[in-house]
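Below is one structure; the comments refer to it alone.
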Amino acid sequence: TSSLQYLDARNTPLLDHSAPFVARALRISGSLAVLHLENAGLSGRPLMLLATALKMNMNLRELYLADNKLNGLQDSAQLGNLLKFNCNIQILDLRNNHILDSGTQPWAEMKM
């Protein structure tokens, strides 16, 4: 929908087979400003699809990804790529994940 501004899908698993459909819907919905995906099983391919879909959503201001068991390198690279293209994100919640300092270091070196 073109009027969706807030989506709360926390505690809803976004699995490999459903991630492409959700990513496609998020790519089309350019009005989304707040997205809650805490504890959604986002790691690896589902996160890559989500990050790719959200790169061009310039209305997105808040992205909540706590409790997803995100790992240090692969998932950090996807998030870094998202932040590189979408500099309008004001809040990125990554609480309770496995991203270490080494995973966030490339973000600090990015020129946005």
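The values are calculated or read from the model by the stated rules, or taken from the named source; none is laboratory data. Keep in mind that what you see is a predicted model, and the values were worked out from it rather than measured. Virtual Cβ from ideal backbone geometry, glycine too; neighbours counted across all protein chains shown. Surface accessibility is based on the protein's heavy atoms, side chains included, excluding ligands, DNA and RNA. Shrake-Rupley method; radii C 1.70, N 1.55, O 1.52, S 1.80 Å.
Observations on the model:
- The stretch between Lys69 and Ile91 holds 6.0 nm of extra length on full extension. This uses 0.36 nm per residue minus the Cα-Cα distance.
- Taking amide hydrogens as placed 1.01 Å from N in the peptide plane, the amide H of Lys69 sits under 5 Å from those of His98, each at least 5 positions away in sequence or on another chain.
- Where the chain is the region considered: accessible area per residue in Å², 1.4 Å probe: 56
- Fully extending the segment from Leu15 to His98, taken as 0.36 nm per residue of separation minus the present Cα-Cα distance, adds 28.0 nm.
- For the chain, with +1 on Lys and Arg beta carbons and -1 on Asp and Glu, the positive-most of Thr52, Ile99, Ala9 along the dipole: Thr52
- Value of [θ]222 nm, deg cm²/dmol, for the chain, DSSP H segments ≥ 4, -39500 (n - 2.57) each, nearest 500: -10500 deg cm²/dmol
- All Cα-Cα distances of the chain, cut into 10 Å bins from zero to the largest, leave 15, 52, 30, 3 percent in each bin in turn.
- The magnitude of the dipole of the chain, with charges of +1 and -1 set on the Cβ of Lys/Arg and Asp/Glu and taken from the Cα centre, is near 320 debye.
- Count Lys and Arg as plus one, Asp and Glu as minus one, and take only other residues whose Cβ is under 15 Å from that of Ser31; the net charge is then +1.
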